[in-house]
Amino acid sequence: MRDAKRRGHSGGEQVERLASRLYDDGTVSQIIRPAAVLSEVNARRVREGLEQDDVRSGGHWHAEPGCWRLFQRPWKNRDERSAEAAGLIGSIQVAYGMPTRYEITIFRATVTIEGTRAGFTVESLCDAALGYADLTLANCPRIDMQPPPRPFRMR
């Protein structure tokens with residue numbers, strides 16, 4: 001991690017570079033429409049479940065505020081350098097505080113080729129995370145998020 005910081009890369013950037021190298025022709029990425037929304041209670045349950053199953057402590061999830069990543073194996077070390085050997089299955093992109101302050105919106109999921117080979121789909125990846133709140137992607141509340149309005153232009 002120190003070497004990465006000297007080169008100007010944060011730990012999160014290292015994981016993103018790893019993920020981009022792993023995403024290839026077998027990668028399946030899907031925008032979740034309408035977006036799945038976790039209520040305050042369910043958001044807390046999912047976050048607590050992901051924290052308890054942390055990849056740095058013998059689990060399989062690496063959860064950050066913008067992205068939850070599922071790995072086949074726990075990391076050998078607590079730092080992100082061991083992520084590549086852990087086998088990234090996929091990632092779920094989330095927005096905290098959307099649409100209200102304590103809710104979480106799931107808007108995209110990606111399954112790597114390794115995840116596809118292991119039998120994962122976008123739905124089963126999302127179900128793995130949502131299971132901490134006894135939800136699935138199919139029964140999770142949804143919200144149709146409209147694109148922002150066009151900017152006002154003066155003629």
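The values are calculated or read from the model by the stated rules, or taken from the named source; none is laboratory data. Please read these numbers as outputs of a predicted model, since none were measured by experiment. Cβ atoms come from the backbone with ideal geometry, glycine included; neighbour counts cover every protein chain shown.
Worth pointing out:
- Enumeration of residues in the stretch 24-71 that are assigned to a loop (DSSP other than H, G, I, E, B), surrounded by 16 or more Cβ atoms within 10 Å (Cβ to Cβ) and touching a strand residue (DSSP E or B) at 6+ places or on another chain (Cβ under 8 Å): 27, 53, 60
- From the options 111, 94, residue that is closer than 21 Å to residue 28 by Cβ and in contact with a Gly (Cβ under 6 Å, 6 or more places away or on another chain): 111
- Among residues of the stretch 61-75 that are at positive phi and modelled with pLDDT of 95 or more, none has a Cβ under 7 angstrom from a residue that is acidic (Asp, Glu) and assigned to a strand (DSSP E or B) at a sequence gap of 6+ or on a separate chain.
- Scanning the stretch 96-134 for residues that are closer than 21 Å to residue 45 by Cα and assigned to a loop (DSSP other than H, G, I, E, B) turns up 97, 98, 99, 100, 101, 102, 103, 134.
- Residues considered: 129, 95, 118, 109. Of these, the only one that is surrounded by fewer than 19 Cβ atoms within 10 Å (Cβ to Cβ), under 18 Å from residue 64 (Cα atoms) and not β-branched (Val, Ile, Thr) is 95.
- None of 43, 95 is within 18 Å of residue 134 (Cα to Cα) and under 14 Å from the mean Cα position of the chain (by Cα) except 43.
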